[in-house]
Amino acid sequence: MGKLPLRSTARPALRRPVIFALVLVALVAFDALESTEAQAPPAVGVRVAEIRGFARSYEFIGRIGAINTVQLRARAEGFLDKILFIEGQEVKAGDLLYQIEKAPYQAQVDQAKAKLASDQAQVLNADLQYRRSFELVKSQNTPQATVDQNKATLDSARAAVMQDEAALQLTEVNLGYTDIRAPIDGRIGRIAYTQGNLVNAASGVLATIVSQDPMYALFPVSQRQLESIRADRQQENGSMIKIEILVRLSNGQEYPHRGVWNYTDVQVNQQTDTLIMRATLPNPERQLIDGQFATVVVRERKEQPRLVVQQAALQLDQAGSFVLIVNPDNKVEVRRVTTGPQEGTDVVITEGLKPGERVIVDGVQKVRVGQPVSVTVLPAGKGA
């Protein structure tokens with residue numbers, strides 16, 4: 001048999017240094033790439049702090065209230081003879097709404113008139129008797145005592161007439177109470193007693209009339225909030241910035257008509273440390289209803305120049321609010337700020353920031369104070 005050829009071992013020995021060299025080169029290249037990436041400054045988006053027209057606003061939870069509310073009650077006792085309205089309809093002041101049976105009261109009026117006429121006749125007769133005796137006493141044909149008696153009779157008859165006139169007036173007033181009329185303009189509510197029922201002063205409310213236009217918006221404000229609003233409205237020349245009242249309905253829609261702030265309560269509720277403020281709003285479409293909830297917004301009528309930043313730039317820690325800015329050397333700095341009201345995505349800055357400073361709004365979480373950054377200036381309204 002022939003001998004088997006010997007297997008060479010030289011090649012594996014040569015491959016090992018080559019593989020090791022390739023791995024070493026790859027590791028060096030990876031470290032160089034990682035070092036290059038670590039040295040690249042992080043990219044951030046900034047927005048320049050700017051002075052813009054801004055109207056401060058303050059929101060409160062309140063209720064809509066009618067200016068006038070009248071509860072109709074019976075002042076005369078009797079059966080309801082007529083009901084002259086439909087529940088929910090609008091009525092005018094003076095409109096006849098209810099009629100209570102008139103016959104008993106009309107009879108009292110007629111009786112009082114008859115009594116008055118009778119006593120007036122007595123006055124006429126007593127006056128004639130007195131005048132006749134007064135003339136006779138001059139010729140000594142009648143005693144003075146008769147004259148005095150006739151004078152007393154005349155005075156008594158006149159007093160009876162005065163009493164009858166008062167009684168007649170009272171019966172006419174009672175007769176007038178059988179007609180129940182609307183004392184104000186407004187919308188009348190539910191009927192409590194239907195036709196034919198006996199009513200009197202103890203029957204309670206027959207129906208309620210609620211005025212419709214204008215309406216009140218009433219809302220509680222804390223003493224601290226009121227002082228803040230007054231301070232914000234104060235201008236350098238001593239005048240006050242004018243405000244307007246807006247109402248947002250429960251469905252989130254804004255009520256189309258503006259209101260006027262016309263009253264602040266004179267006493268603070270000691271339990272809640274709040275006082276009631278009130279505004280008057282027109283209600284031509286009858287959209288506002290007495291007693292409904294609403295969000296009341298107190299807003300300046302005209303925009304005032306104020307420094308604003310985007311809300312995304314604001315950060316918060318135990319010391320308060322702050323923003324990160326990029327200085328002229330493109331390094332990150334911190335600014336402690338005092339914030340004001342907010343509108344949309346913009347927040348007013350009252351202290352701590354200057355116009356023109358570049359505020360970081362995108363990439364805030366990946367930078368630290370003192371770190372160089374790559375800056376991209378975002379257009380107005382753009383950002384995180």
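Where a number appears in this text, it was derived from the coordinates with a stated rule and is not lab data. On a predicted model such as this, the values are computed, not experimentally measured, just so you know. Positions of Cβ are generated from backbone atoms using ideal geometry, with glycine treated the same way; all protein chains shown enter the neighbour counts.
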| request: Pick out, from VAL48, TYR105, PRO341, the residue whose Cα sits farthest towards the positive end of the charge dipole of the chain, with +1 on the Cβ of Lys and Arg and -1 on the Cβ of Asp and Glu. | output: VAL48
| task | Would you please give the FRET efficiency between THR345 and ARG368, computed as 1/(1 + (r/R0)^6) with r the Cβ-Cβ distance and R0 = 30 Å, to the nearest 0.05? | result | 0.75
| message | A 32 angstrom limit on the alpha carbon distance is what I want to check against. Which of LYS115/LYS151; LYS302/LYS331; LYS113/LYS151 exceed it? | response | LYS302/LYS331
| query | So what is the relative contact order of the chain, in percent, for Cα pairs below 8 Å that sit 6 or more residues apart? | reply | 27
| Given springs between every Cα pair under 10 Å in a Gaussian network model of the chain, which of GLN315, GLN270, GLN212 has the largest fluctuation? | GLN270
| message | Please report, ordered by residue number, every helix of the chain (full DSSP H runs) that is 18 Å or longer along its axis going by C-alpha atoms and whose mean Kyte-Doolittle hydropathy reaches 0.5. | response | 10-39
| Contour minus Cα-Cα distance for SER239 and LYS138 (0.36 nm per residue) | 27.8 nm
| note | With +1 at each Lys and Arg Cβ and -1 at each Asp and Glu Cβ, the charge dipole magnitude of the stretch 239-384 around its Cα centre, to the nearest 20 debye, comes out at 320
| task | Would you order LYS115, LYS354 from fewest to most other beta-carbon atoms within 10 Å of each residue's own beta-carbon? | result | LYS354, LYS115
| request: Report the residue, chosen from LYS366, LYS82, LYS102, that carries the largest GNM mean-square fluctuation when the chain is represented by alpha-carbon nodes joined by springs under 10 Å. | output: LYS366
| request: For LYS138, go through the aspartates and glutamates and keep the ones whose alpha-carbon is under 15 Å away, minus same-chain ones fewer than eight residues off. | output: ASP148
| About the Cα centre, charge dipole magnitude for the stretch 102-177 (Lys/Arg +1, Asp/Glu -1 at Cβ), debye | 140
| message | I'd like the FRET efficiency for ARG52 and GLN270, computed as 1/(1 + (r/R0)^6) with the beta carbon distance as r and R0 of 35 Å, rounded to 0.05. | response | 0.25
| said: For the pair GLU90/ASN68, report the inter-label distance in nm, with labels modelled 7 Å from Cα in the Cβ direction. | reply: 1.4
| field | Summed residue charge, Cβ within 10 Å of ASN200's Cβ, Lys/Arg positive, Asp/Glu negative | value | +1
| query | Mind listing which GluC sites (Glu not before Pro) in the stretch 74-137 are in a DSSP loop and have 15 or fewer other Cβ atoms within 10 Å? | reply | GLU87
| query | Helix-derived [θ] at 222 nm for the chain: sum -39500 (n - 2.57) over DSSP H runs of at least 4, divide by residue count, nearest 500? | reply | -10500 deg cm²/dmol
| Label selected from (i) 42; (ii) 71; (iii) 56, the criterion being percent of Cα pairs over 30 Å apart as computed here | (ii)
| query | Based on the mean of other beta carbon atoms within 10 Å per residue, what is the order of 173-182, 120-129, most packed first? | reply | 173-182, 120-129
| query | Taking neighbour counts of Cβ atoms within 10 Å as a proxy for exposure, in what order, fewest first, do ARG335, ARG131 appear? | reply | ARG131, ARG335
| remark: Restricting to Cα pairs under 8 Å and 6 or more apart, the percent relative contact order of the stretch 41-150 works out to 15
